[in-house]
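Notes follow the structure.
The values are calculated or read from the model by the stated rules, or taken from the named source; none is laboratory data. Not measured: the values here are computed from a predicted model. Positions of Cβ are generated from backbone atoms using ideal geometry, with glycine treated the same way; all protein chains shown enter the neighbour counts. Remember, those area values only see protein heavy atoms, side chains included, never the ligands or the DNA or RNA. Shrake-Rupley method; radii C 1.70, N 1.55, O 1.52, S 1.80 Å.
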Amino acid sequence: KLIAKEVSNVNTYLDEKKKGIYGDVLIKVFENKSINILKSLAGAISPRLTNGVVFLINKTDSSLNFVCKVNDYLKDKVDAGLLVKDASKIAGGNGGGSKVFAQGGGTIIDKLDMILTYVKSKIEKE
């Protein structure tokens, strides 16, 4: 039920998309959401972006978790696995996945601003 409720709010998240280097980008930070909710949201948002990249972050008191979904069209330009792997390293953890979907995390929550800056530099237009 929680996942269905979050996914039903997809349109409100789409209002936050920005122009990226290759198309639409949505980078969003949540607090205290499950990894399954992040994965479902990424899956629901991604097809609604034009040549899009979705990078979702969940922050808890003790960890950061990341989910990234890249539209198939961009898989040779943006590597979700590498983006998550690098963000996870900054957060003192690990992660990765394929070119189109990846997840990871770490425990250094104080690095959130650095991670946001890094991710934005890789996929958002300046």
Residue pairs, Cβ under 6 Å, 6 or more apart or interchain, first in the range 10-31 and touching a residue at least 12 places away in the same chain (Cβ under 8 Å), second buried (at least 16 other Cβ atoms within 10 Å of the Cβ) and polar (S, T, N, Q). List them.
22/51; 23/51; 30/58
Residues satisfying the stated conditions in the range 22-34, i.e. under 12 Å from the mean Cα position of the chain (by Cα), closer than 15 Å to residue 80 by Cβ and open to solvent by 10 Å² or more (accessible area, probe 1.4 Å):
27
Looking only at the range 97-126, count how many residues are under 17 Å from residue 74 (Cβ atoms), surrounded by 15 or more Cβ atoms within 10 Å (Cβ to Cβ) and charged (D, E, K, R).
4
In the range 45-96, which residue that is without any contact (Cβ under 8 Å) to a residue 40 or more places away in the chain, in a loop (DSSP other than H, G, I, E, B) and over 17 Å from residue 20 (Cα atoms) is most open to solvent (accessible area, probe 1.4 Å)?
92
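When you check residue 42 against the structure, is it out of contact with any Leu (no Cβ under 6 Å at 6 or more places or on another chain) and open to solvent by less than 50 Å² (accessible area, probe 1.4 Å), yes or no?
Details: out of contact with any Leu (no Cβ under 6 Å at 6 or more places or on another chain): no; open to solvent by less than 50 Å² (accessible area, probe 1.4 Å): yes.
The answer is no for residue 42.
Each row is one residue, and each column tells you yes or no for (1) out of contact with any strand residue (DSSP E or B) (no Cβ under 8 Å at 6 or more places or on another chain); (2) at pLDDT 95 or above; (3) under 19 Å from residue 50 (Cα atoms).
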residue	(1), (2), (3)
82	no, yes, no
93	no, yes, no
96	no, no, no
104	no, yes, no
107	no, yes, no
124	no, no, yes
